Each structure stands twice: as C-alpha cells, then as structure tokens.
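This report refers to the structure that appears directly beneath it.
Read-outs throughout are calculated quantities, based only on the coordinates presented, and are distinct from any laboratory measurement. Treat the numbers as computed from the prediction; the structure is a model and nothing was measured. When we count neighbours, we look across all protein chains shown, and the Cβ atoms used for this are built from the backbone with ideal geometry, even at glycine.
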Amino acid sequence: MPKETAARERRVALVPDVVRRLRAAEHEVIVEAGAGLAAGATDEQYVAAGASLGDPWAAEVVAKVAPPSEAELVKLRSGTILVGFLNPLGDPDGLAAIAATGATALAMERIPRISRAQSMDALSSQATVSGYRAVLIASTELERFFPMFMTAAGTVPPAQVLVLGAGVAGLQAIATARRLGAVVTGFDIRSAVKEQIQSLGARFFEVEGLGDAEAEGGYARELTPEEQQIQRDALSVQMGKSDVIVTTALVPGRPAPKLIPASAVELMKPGSVIVDLAAEAGGNCELTRPGETYTTDGGVKIVGPLNLPSEMAEHASALYARNILSLIELGFDFEDEVVKGACVVREGKVV
Ligand code: NAD
C-alpha cells in the first residue's frame, strides 16, 4: 500500500486492523513508510499488525484510494493488479495511461451494487461519511440552533433542513440532521426512497407531475428539461423556508443536476446555509463554487466541499479498507461477476 500523493487526500487504502486480517489469511503486506499518518495510523501500528515497510509497488496487488499520478504510473509494473477509485467514467485518459503500463486495474466505483458485493461497496461507505460530515459542516456554519430550545430566555424553533437526493449520502444526512434535532424534509426523484426518508423521521416532499425516475441499477436517470423545471418550481417555496439545504443529487456519468437556481437562493433568509455535496460533479446549486465556502450578496452561505471523506480520514479509511479486504478475499477470479464488473483494465487493455 503506497502513501497517497493526491492533493487533499488523507485517506489510505489499508488500516492496521485490515493488515492483521490479511496476514491471518497468509498474505504478505508491504506498506510505504508514513503512508497512514494522515489517517491516524503509524508505521509502528502497521508493523505490529504484521506488515513490512518497503516499496509497495513491488507487490502483486497495489491498493490505493486516489487514481495514480504520473509519478506513480512510472512505478506501476506490468502484471500488477491496481485497486482504487479510478474515475473510469470521468477520466478515460487515466485508464489508457494505466493500460499502457501493462497492469490490470479494478475501479472501486464499478463494483456492482448487488447484495453479494455490499461489503465491497466503497461508494456507499464513503458516501456515508460525506452525508454525515455535510450536516456537521452545516451545523457549524449556521448561526442558529438545530434543535428546538425552550429556555427561560425564550423559545428557539428548530432548524428546517432540506435534503435533496436521498441515496446513501442523503439518507445519512437526513439521519444526522434528525439526531441533531432539526425538522427535516427529504426529496428524491426515485419514489422508492419515500419510505426510507419517512422511516428516518423526515417528511418526503412530493412533487406533483413528476413520475418515478429510477433507472438501471437503482440509480436515477437524468430528468428532461421540462421535468427539471417542474421540480425547481415545486421546490423553490420549500427552499425559501429552509435554514439549511444539503444537496447530494448525482446521475452516473452526467454533470450534477442543477436543482437550486440562483433565484431560489435569493428566496432564502440571510444566514441560511447550503452544503453542496455534488460540488465535485459541478454542483447541484447554480451558485456553488467547488472547493470554496462563500457568502452571497443576499447573505446565504454556500459550501462546495471537495473530497469530504478525506476530512474524516481515520474512519473513512477504516471503512474503505474493509471494502478492499472483502474484494481481496473474493480472489481475483475475472469470471466472477463482481471482479468482472470492477475490472476496467485487463493486462494492459482498457475493458
Ligand atoms: P448517487 O450518488 O448516484 O445519487 C444520489 C441520489 O441523487 C440518488 O438517490 C438519486 O436518485 C438522486 N438524484 C438524482 N437526480 C436527482 C434530481 N434531479 N433530484 C433529486 N434527486 C436526484 O446514488 P447512490 O447514493 O450512490 O445510490 C443510489 C441507489 O443505488 C441507492 O439508493 C440504492 O437503490 C442503490 N444502491 C444499491 C446498493 C446495493 O444493493 N448494494 C448499494 C448502494 C446503493
């Protein structure tokens, strides 16, 4: 396992607990010195778990978080199996560069979302971290309470939180906002999530005239321009009433849908907060600046975080490492549906 070199990347692909499990299964584990420090794991802990410190690129399987940089590609050997988030839909050139080394690569984003592969589902494990963290960010940026307070100095109403997109991150955001005592409304274009939203104690926002937009694999399809307009119109009143909006809406392989137009931000009260988890894919809010937090002229704070899981590097790495462990335990049988699904480069050829 190499030390991650990408900007803002503090996670690692293996944690000491997972090294111990790999050793128990008689795998050798080589860790680059200092690799886990940013995620709270010291070299001593890795060595105590049975790893040796050395050149991680000499291993048969190289486990990473971020896609390899140019400097890392030089170290990637022909015949090696590389595992990590490789952004196969967003960066075809990156895949071609991996292929040119003669290596084989498995993209964690491509693990099929079937029951048998749940323990390897790194998109879900990291989305859980993002959804949780997004609400904590909102709660500190908001200069209002989340819960209702009845005190001798008066009564404070609870914050109104709107969560747009109720996949893995959105549901976690709803649950976290509820735990903090906010009144939460959730919305998604897949009607299957209505019950999930309600079971967390939130209200499901119904948009009249908008049918179910579930597509293959449980993901959403892109809405038509007419449907997008119906959605924006219906939601704008609710947006205006919200103290906090957390957006998580994504459509695989497409830019993030623009759910919050500038006109809706203008309707929000000064001091309200938008945390846009889709910032990396361009943002769900028209005014999001990816990687920045700023306040609009109307006093609304917009946060466009990049790589949120990295801000909770210790637990994000612990979950990710368990995903990697499950994949390694499966063995690299390229006829297996899961391995086949994740394989994006096979022996030097883009699949
Ligand atoms: P995602 O990150 O691709 O998208 C986040 C959410 O945004 C989704 O719920 C999507 O419906 C929603 N969305 C897209 N466009 C929208 C719009 N215009 N307005 C409002 N919401 C919009 O999705 P995800 O969280 O990775 O997962 C989505 C679904 O995949 C899950 O809810 C589940 O059905 C399925 N899944 C299955 C497994 C499994 O079986 N192992 C694991 C994880 C997820």
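Two decimals is fine: what is log10 I(q)/I(0) at q = 0.10, 0.12, 0.13 Å⁻¹ for the chain, from a Debye sum with one equal scatterer on every Cα and no solvent?
Once normalised to I(0) and log-transformed, intensities are -0.65, -0.89, -1.01.
If you restrict to DSSP beta bridges whose two residues both lie in the stretch 105-237, what percentage is antiparallel, to the nearest 5?
Here the share of antiparallel DSSP bridges comes out near 35 percent.
For the stretch 253-313 and the stretch 1-52, what is the centre-to-centre distance using only Cα atoms, to the nearest Å?
34
Could you work out the Kirkwood radius for the stretch 85-184, taking every pair of different alpha carbons, averaging 1/r and inverting it, reported in Å?
16.4
Compute the Rg/Rh shape ratio of the stretch 300-351: radius of gyration over Kirkwood radius, all on alpha-carbon atoms.
1.19
Given Phe146, Gly90, Ala192, which one lies farthest toward the positive end of the charge dipole of the stretch 77-224, if we put +1 on the Cβ of every Lys and Arg and -1 on the Cβ of every Asp and Glu?
The residue sitting most towards the positive pole is Phe146.
Looking at the calculated P(r) for the stretch 1-86, what percent of the C-alpha pair distances fall above 17 Å?
For the stretch 1-86, the share of Cα pairs beyond 17 Å comes to 42 percent.
Using 5 Å bins from zero, what percent of all Cα-Cα pairs in the stretch 62-114 falls into each bin?
For the stretch 62-114, the binned pair fractions read 5, 21, 35, 26, 9, 3, 1 percent.
Order these peptides, 322-328, 178-184, 76-82, by their mean beta-carbon neighbour count within 10 angstrom, highest first.
Taking the mean over residues of other Cβ atoms within 10 Å, the ranking is 322-328, 178-184, 76-82.
Could you run the Debye sum over the Cα atoms of the stretch 43-90, one equal point scatterer each and no solvent, and tell me log10 of I(q)/I(0) at q = 0.20, 0.30 Å⁻¹, two decimals?
Summing over Cα pairs of the stretch 43-90 leads to -0.77, -1.16.
Write down the radius of gyration of the stretch 193-351 and its Dmax, each obtained from C-alpha positions, in Å.
Computed over the Cα atoms of the stretch 193-351, radius of gyration and Dmax are 19.3, 56 Å.
For the Cα atoms of the chain, what angle does the longest principal axis make with the long axis of helix 168-179, in degrees from 0 to 90, nearest 10?
It works out to around 50 degrees.
Please list, short to long, the whole-number percent of alpha-carbon pairs of the stretch 161-213 in consecutive 5 angstrom bins beginning at zero.
For the stretch 161-213, the binned pair fractions read 4, 25, 36, 20, 9, 4, 1 percent.
If eta is 1.306 mPa s and T is 10 °C, what Stokes-Einstein diffusion coefficient results for the stretch 167-278, Kirkwood Rh from Cα pairs, in µm²/s?
The estimated diffusion coefficient comes to 109 µm²/s.
How many times 2.2 N^0.38 Å is the alpha carbon radius of gyration of the stretch 212-289?
The value comes to 1.10.
When the helices in the chain are scored as -39500 (n - 2.57) per DSSP H run of 4 or longer and the sum is shared across all residues, what 222 nm value do you end up with, to the nearest 500 deg cm²/dmol?
Mean residue ellipticity, 222 nm, calculated: -9500 deg cm²/dmol.
Over all pairs of distinct alpha carbons, what does the Kirkwood formula give as the hydrodynamic radius of the stretch 244-329, in Å?
It works out to 14.2 Å.
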